[in-house]
Amino acid sequence: MSFPIHMVARPGAAISYIATKGGQIHVYDGNTVSGPILNISGKVSGGSEQGLLAIALHPTNTSRIFLHYTNPSGDTVVSEYTMTGATAIDSGSERIIFTHDQPASNHNGGMIQFGPGGLLYVGLGDGGGSNDQFGHGQNANTLLGGLVSLSVDGNPNPTLYNMGLRNPWRFWIDGSNLFLADVGQNRFEEVNVVGMASGRNFGWPIMEGQACHQPMSGCDQTGLVIPVVVVNHGNQSTCSITGGVVYRGSIPEINGHYFYSDWCGGYLRSFRWTGSVSNSTNWTSQVGRPGNVSSFGLDGSGEMYVLTNNAVHKVVRG
């Protein structure tokens with residue numbers, strides 16, 4: 001299995017699904033990876049930040065699986081496939097729900113997840129390049145640089161739910177809280193925690209992290225979301241934050257912790273959210289650095305995994 005990129009659990013079953021950047025979906029039963037049960041490699045582009053980027057299962061109908069990928073033209077596609085069983089997907093059943101032009105091969109965002117009310121949320125980056133060169137971050141008339149909500153039944157009605165994002169590489173909805181990691185440019189990586197209300201502005205390119213972003217004229221922070229965690233590039237081996245999950249598994253010491261990492265740094269860090277950051281912990285000395293961390297995932301038992309560009313690692317109690 002080459003370049004695992006995302007992992008989701010099947011509700012009510014002891015299995016989960018692992019997507020690869022190249023366009024495959026595999027089954028994991030807690031011991032063995034099998035498949036692929038779907039291969040759309042001919043439909044996805046293989047550029048630097050392109051490919052099959054995320055998958056999501058419908059919260060109440062497990063025969064419906066959703067994919068977020070970039071097509072051979074490099075544009076964003078969100079589509080639905082029909083599952084004909086826990087380990088089978090009808091490859092001819094694709095129904096495209098949403099597409100969006102992408103002006104560059106990076107900053108595609110990539111995450112999808114269902115939230116309260118059954119809407120599907122899609123993370124989109126600012127279109128690529130540096131300093132928000134296309135002017136999308138603070139443009140309410142585009143969906144780029146935003147968290148987009150979609151209906152998966154009837155009219156998708158794609159809506160700019162939140163804006164001001166550079167490249168949201170993984171968000172996680174935990175009850176009424178949204179944990180969103182946004183990739184910085186040269187100085188800062190960030191994690192934001194907000195409620196599930198629309199109309200948020202995460203500040204890019206006015207802000208990078210908690211600091212004013214110099215190429216942007218002026219620095220009016222009125223109404224902007226200020227990140228709760230900032231990782232300074234400084235002398236650290238960090239370049240691109242990888243957002244994770246809130247752990248709700250069997251290890252009590254980390255229950256309720258939100259975990260995150262970095263593509264270059266490969267660290268493992270976490271905190272609890274109690275209205276503010278608490279119990280902030282760096283676990284790296286205990287677990288090591290597995291490599292280029294691309295994502296996090298959960299299995300059917302709620303246990304957590306760290307995905308790199310060439311492996312899937314289970315987090316276990318020491």
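Observations on the structure shown:
- As a fraction of the 1.4 Å probe accessible area of the range 13-66, surface on carbon and sulfur atoms comes out at 47 percent.
- Extension gain, K43 to S2, is 13.1 nm, computed as 0.36 nm per intervening residue step minus the present C-alpha separation.
- Per residue accessible area in Å² of the chain, where ligands, DNA and RNA are left out and the probe is 1.4 Å: 38 Å²
- Burial ranking of peptide ranges 175-181, 277-283, 39-45 (average Cβ count within 10 Å, highest at the top): 175-181, 39-45, 277-283
- Entry for P(r) over Cα pairs in 20 Å bins from 0, in percent (calculated from the structure that is shown) out of (1) 33, 59, 8, 0; (2) 35, 60, 5; (3) 30, 53, 17, 1: (2)
- Accessible-area composition of the range 97-242, carbon plus sulfur, in percent [1.4 Å probe]: 45 percent
- Helix-only [θ]222 nm of the chain, DSSP H runs n ≥ 4, -39500 (n - 2.57) each, per residue, nearest 500: 0 deg cm²/dmol
- Distance between the range 248-283 and the range 184-212 - C-alpha centres, whole angstrom: 19 Å
The values are calculated or read from the model by the stated rules, or taken from the named source; none is laboratory data. Keep in mind that this is a model prediction, so the values were computed, not measured. Quick reminder, even Gly has a Cβ in these numbers, built from the backbone with ideal geometry, and neighbours come from all protein chains shown. Surface areas here come from the heavy atoms of the whole protein model, side chains and all, with no ligands, DNA or RNA. Shrake-Rupley method; radii C 1.70, N 1.55, O 1.52, S 1.80 Å.
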